[in-house]
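Below is one structure, written out as structure tokens, with a few remarks after it.
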Amino acid sequence: MNAAQKLKFSIRPNPAPVAADVRAGLLKDPGFGRVFTDHMVTIRWTQDGGWQDAQLRARAPISLDPAAAVLHYGQEIFEGLKAYRRDDGSIALFRPEQNARRFNASAARMALPQLPEELFLGAIDALVKADVAWVPGNDGSLYLRPFLFATEAFLGVRPSAECLFMLIASSVGSYFKGGDKAVTVWLSEHYTRAAAGGTGAAKCGGNYAASLLAQAEAIGHGCDQVVFLDAAEHRWVEELGGMNVVFVFDDGAIQTPPLSGTILPGITRDSILALARRQGRVVREERYAIEQWRADAASGRLRECFACGTAAVVAAIGRIRSAQGDFLIGDGNGGPVTAALKAELVGIQRGQIADADGWVRKIL
Ligand code: PLP
Ligand code: COI
């Protein structure tokens, strides 16, 4: 066992947690990413000393040197996963080891240190246990946000020799304001998200910074999310600003863009494809061209389309809007395959459907 695996968390409970009645008020309608819990985890890393100083403590602002590399060169990664309060009263995570693995894949791409999986999972266990009162019931969940960034005060351009891992948590409800209603997406024909050889498959802050203008354009056109095309031909559908995209055809087949390095390998995407295969559906991980999307929607060959990701879970896409005009998927209100896949995924996450694949990790 190496030193990082043996690292123990120092636990200092928040001396002034949010009062129970205030918390109950916040949990009534938390929205997404606005309500934060009482604690956070911090673990420092230095090139010479490795991982050290693991703490669970009161959530509070941190201080950074103005020369900290992350503020200048954006050397940062993050993850997103949820803890669910289940019908039997237990609290469970969904495939958290996949988030730990993707965190390290992102770290490798961004020249950040590898965090041992035990530390990633240990931090999550410690925070969820400390903040269990913040896990909402019903349709809500506790969204966990691990992140790692470069803290070395140095303006030379090279990987930072000092980093900070942090974990915060946010009580959340639905990601989209419209709740379960089918969403409208804006086709970005001008901006792209990632190119071959770039950072598209890493969950790094820079990818999201680069998507904000396109996302703002989407909002400006009355849409919920932006959908990106590939950088080389501006033709192949890639993914949404914060979700993968899946197509459902009239013969029951499912198709989604392949993991070719420019899109995020979504854990929800992977789970949905596994569930669809188990239902006996043909599952294709193949490119899909925007003109084909339009033609298949018009002919009725394409029956449904949905976005999937941790924050959004599964959201039907009802309408695509672009400079060339709108097109509808089906009647614009989602469809039965999307609804059934969502129900199965959510049922497993919340303990209402048997967990045949061992995806659920109970922590309380
Ligand atoms: N694509 C992007 C750009 C995302 O931000 C996310 C969300 O994390 C996803 C896809 C879906 O990934 P996951 O299902 O692992 O949350
Ligand atoms: C997630 O689903 O975890 C994400 O990071 C996406 C973001 C839109 C919140």
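The values are calculated or read from the model by the stated rules, or taken from the named source; none is laboratory data. Quantities reported herein were computed from a predicted structural model and do not represent experimental measurements. As a convention, Cβ positions derive from the backbone with ideal geometry for all residues, glycine included, and neighbour counts pool all protein chains shown. Areas reflect the complete protein model, heavy atoms only, side chains present, ligands, DNA and RNA absent. Shrake-Rupley method; radii C 1.70, N 1.55, O 1.52, S 1.80 Å.
Summary of computed values
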| quantity | calculated |
| --- | --- |
| For GLN75: the one exception among (1) surrounded by 11 or more Cβ atoms within 10 Å (Cβ to Cβ); (2) more than 27 Å from TYR208 (Cα to Cα) | (2) |
| Matching option when the condition is under 24 Å from ILE267 (Cα atoms) and either within 13 Å of ligand 2 (Cβ to nearest atom) or open to solvent by 10 Å² or more (accessible area, probe 1.4 Å) (or both), among ALA216, ALA195 | ALA195 |
| Test: TYR191 is without any contact (Cβ under 8 Å) to a residue 40 or more places away in the chain, out of contact with any helix residue (DSSP H, G or I) (no Cβ under 6 Å at 6 or more places or on another chain) and more than 30 Å from PRO13 (Cβ to Cβ) | no |
| Of residues in the range 104-160 being of a type in the set (Asp, Glu) and more than 21 Å from ILE62 (Cα to Cα), the one least open to solvent (accessible area, probe 1.4 Å) | ASP125 |
| Those residues of the range 10-25 which are open to solvent by less than 70 Å² (accessible area, probe 1.4 Å) and either part of a helix (DSSP H, G or I) or modelled with pLDDT under 95 (or both), in sequence order | ALA20, ARG23, ALA24, GLY25 |
| Single residue of the range 314-362 satisfying the filter (surrounded by fewer than 22 Cβ atoms within 10 Å (Cβ to Cβ) and within 16 Å of ligand 2 (Cβ to nearest atom)) that is farthest from GLU79 (Cα to Cα) | LYS342 |
| Checking ASN99 against (1) under 19 Å from CYS163 (Cβ atoms); (2) open to solvent by 20 Å² or more (accessible area, probe 1.4 Å); (3) within 16 Å of ligand 2 (Cβ to nearest atom); (4) not hydroxyl-bearing (Ser, Thr, Tyr), the condition it does not meet | (2) |
| Members of the range 257-267 found to be away from ligand 2 (no atom under 16 Å from the Cβ) and either under 18 Å from GLY335 (Cβ atoms) or open to solvent by less than 10 Å² (accessible area, probe 1.4 Å) (or both), listed by number | PRO257 |
| Subset of the range 300-319 that is of a type in the set (Val, Ile, Thr) and assigned to a strand (DSSP E or B) - its residue that is farthest from GLY266 (Cα to Cα) | ILE317 |
| Failed condition for PHE120, given (1) of a type in the set (A, V, I, L, M, F, W, C); (2) more than 20 Å from ARG350 (Cα to Cα); (3) in a strand (DSSP E or B); (4) under 19 Å from the mean Cα position of the chain (by Cα) | (3) |
| Every residue from the range 219-238 that is away from ligand 2 (no atom under 16 Å from the Cβ) and open to solvent by 20 Å² or more (accessible area, probe 1.4 Å) | GLY220, HIS221, GLY222, ALA231, ALA232, GLU233, HIS234, ARG235, TRP236 |
| Residue in the range 235-268 that is nearest to ALA218 (Cα to Cα), counting only those that are near ligand 1 (Cβ under 6 Å from one of its atoms) and assigned to a loop (DSSP other than H, G, I, E, B) | GLY242 |
| Failed item, numbered, when GLY241 is tested on (1) small (Gly, Ala, Ser); (2) over 17 Å from the mean Cα position of the chain (by Cα); (3) surrounded by 17 or more Cβ atoms within 10 Å (Cβ to Cβ) | (2) |
| The range 268-301, residues that are within 16 Å of ligand 2 (Cβ to nearest atom) and in contact with a Pro (Cβ under 6 Å, 6 or more places away or on another chain) | none |
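Here's the yes/no breakdown for (1) away from ligand 1 (no atom under 16 Å from the Cβ); (2) farther than 26 Å from GLY309 by Cβ; (3) touching an Asp or Glu at 6+ places or on another chain (Cβ under 7 Å):
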{"site": "LEU26", "(1), (2), (3)": "yes, no, no"}
{"site": "GLY33", "(1), (2), (3)": "no, no, no"}
{"site": "THR42", "(1), (2), (3)": "yes, yes, no"}
{"site": "ALA60", "(1), (2), (3)": "yes, yes, no"}
{"site": "SER63", "(1), (2), (3)": "yes, yes, no"}
{"site": "ALA69", "(1), (2), (3)": "yes, yes, yes"}
{"site": "ALA83", "(1), (2), (3)": "no, no, no"}
{"site": "ILE91", "(1), (2), (3)": "yes, no, no"}
{"site": "PHE94", "(1), (2), (3)": "no, no, no"}
